[in-house]
Amino acid sequence: MTDYRVIRELDHIISRRGAPEMIVSDNGTEFTSNAVLEWVQDRTFDWHYIAPGKPTQNAFCEAFNGRFRDECLNENLFRDLAHARHLIGAWVTDYNTRRPHSALGYQRPAAFAATCQPHRVPKPVASTARLSNINAPVLDQTG
């Protein structure tokens, strides 16, 4: 995913759900590019980068990525992009609307999201590094 796609997708999500207090990500180039760093400076929320080599600082996302890979990507042979989108969409629907999640008190994510206050996304529970501390070397390297 390109940095501009990240920005476009985040703008879309924020317009629908409201701005979070914080975004947590790894240090992938799509998140540390000048375009993303400038975009974040114009926003009212914090962006925290996990420490390099510490995926446990973003355990929620890492757990989801592993589950998605194991249950969807590794289990299917996609004929083409349309087929991949169809199967991935079906998996996402199942994940969000049919499966109870222990982290949500055994509610389904869609049902849990419906009870959340609109335009208010809480800070994540995971411990993260502060943007100002972890991002300074990235800013120096990228200009």
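The values are calculated or read from the model by the stated rules, or taken from the named source; none is laboratory data. Bear in mind that the values here come from a model prediction, so they are computed numbers and not experimental data. Cβ placement follows ideal geometry from the backbone for every residue including glycine, while neighbour counts extend to all protein chains displayed.
Can you tell me which residue among 96, 58, 76, 65 is in a loop (DSSP other than H, G, I, E, B) and modelled with pLDDT of 85 or more?
76
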Problem - Residue check, residue 23 in a helix (DSSP H, G or I) and within 22 Å of residue 115 (Cα to Cα) - result: no
Practice task
For the stretch 67-79, state whether one or more residues are among the acidic types (Asp, Glu), under 13 Å from residue 25 (Cβ atoms) and within 19 Å of the chain's Cα centre (by Cα).
Solution key: no
Exercise for the section: Report yes if some residue within the stretch 118-136 is surrounded by fewer than 12 Cβ atoms within 10 Å (Cβ to Cβ) and at pLDDT 90 or above; otherwise report no. Expected result: no
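To keep it simple, each residue is scored yes or no on (1) within 18 Å of the chain's Cα centre (by Cα); (2) of a type in the set (Phe, Trp, Tyr); (3) surrounded by 15 or more Cβ atoms within 10 Å (Cβ to Cβ).
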residue: 11; (1), (2), (3): yes, no, no
residue: 19; (1), (2), (3): yes, no, yes
residue: 87; (1), (2), (3): no, no, yes
residue: 113; (1), (2), (3): yes, no, no
Exercise for the section: Could you check residue 40 against (1) over 13 Å from the mean Cα position of the chain (by Cα); (2) assigned to a loop (DSSP other than H, G, I, E, B) and say which number it fails? Expected result: (2)
Problem - Test result for residue 67, under 25 Å from residue 113 (Cβ atoms), of a type in the set (Lys, Arg) and surrounded by 12 or more Cβ atoms within 10 Å (Cβ to Cβ) - result: yes
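Here is a yes/no grid of residues against (1) touching a residue at least 40 places away in the same chain (Cβ under 8 Å); (2) in contact with a Leu (Cβ under 7 Å, 6 or more places away or on another chain):
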residue	(1), (2)
1	no, no
6	no, no
15	no, no
18	yes, no
22	yes, no
33	yes, no
38	no, no
48	yes, yes
Practice task
Would you mind stating whether residue 104 is of a type outside the set (Lys, Arg), surrounded by 12 or more Cβ atoms within 10 Å (Cβ to Cβ) and over 20 Å from the mean Cα position of the chain (by Cα)?
Solution key: no
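In the stretch 14-24, how many residues are among the β-branched types (Val, Ile, Thr) and either at pLDDT 95 or above or closer than 20 Å to residue 50 by Cβ (or both)? Please lay out each step first, then the result.
The initial filter retains those residues of the stretch 14-24 that are among the β-branched types (Val, Ile, Thr), namely 14, 23-24.
Right, trim to either at pLDDT 95 or above or closer than 20 Å to residue 50 by Cβ (or both) and you get 23-24.
So the answer is 2.
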